[in-house]
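Just so it is clear, none of the values below were taken in a lab; they were calculated from the coordinates. All values derive from a computational prediction rather than experimental measurement. Heads up, the Cβs are rebuilt from the backbone with ideal geometry, glycines too, and the neighbour counts pull from every protein chain shown.
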Amino acid sequence: MDLTAFNPSSALLTIVVLALAPFAAVMLTSFTKIVVVLSLLRNALGLQQVPPNVVLNGLAMVLTLYVMHPVGVQVSDRLARAGAPASGPTAMWAAADGAKEPLREFLLRHSAARERAFFLRTAQQSLAPAQAAQLTERDFIIVLPAFTVGELSGAFQIGFLVFLPFLVIDLVVSNILLSMGMQMLTPGTVALPFKLLLFVLADGWAKLAHGLVLSYT
């Protein structure tokens, strides 16, 4: 390993990239939507720590890697066609600039035009006229917040649909317990086995994972 080519500017850039990697993994991929849906599912079932957070985050990361694999392949192909860049921050920045288009296309494909128009309009109002004229819906400063808002909106829409059948079970169990005069029993405790039974019979984990993956096709 040639340590002479590793200058302070390269070290600083490497530290910054490593520090921003978790942010990029969460906000530039499908991770946010998937992990929010899985957390809402756990709340709908009435389970506090099952599955534990490490399992939910691990499943969300696995599904995210699957969803983002085509984008990663396209980025890898672009870097391979560009060849091995020279060392230094400028070369690293040039390589990243050439490989960002697949990620931009992914963000554009999964962000709503309404959200992009809003962030473009508000950004143009806060910039100088010369800079505002150069801004488009394809810029990362526009498409990134639009993508994030769309992912959270989609996650809560799915969460609402996930909650509905379990809410019906809670209501039925509560009415049965009230009619039998068994107020001393907690409806959530009695309803939990029926929720788990419904989820298992419906093959809930597989169907939810399939639906999350298909939402990005």
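Over every Cα atom in region 142-217, the radius of gyration and the widest Cα-Cα span, Dmax, amount to 17.2, 57 Å. Spacing of the modelled spin labels on Leu161 and Leu79, each 7 Å from Cα toward Cβ, amounts to 3.5 nm. The listed peptides 196-203, 184-191, ordered by packing as a protection proxy, come out as 184-191, 196-203 (highest mean of other Cβ atoms within 10 Å first).
Taking a straight Cα-Cα cut-off under 29 Å and skipping sequence neighbours fewer than 8 places away in the same chain, the lysines within cross-link reach of Lys207 are Lys33, Lys195.
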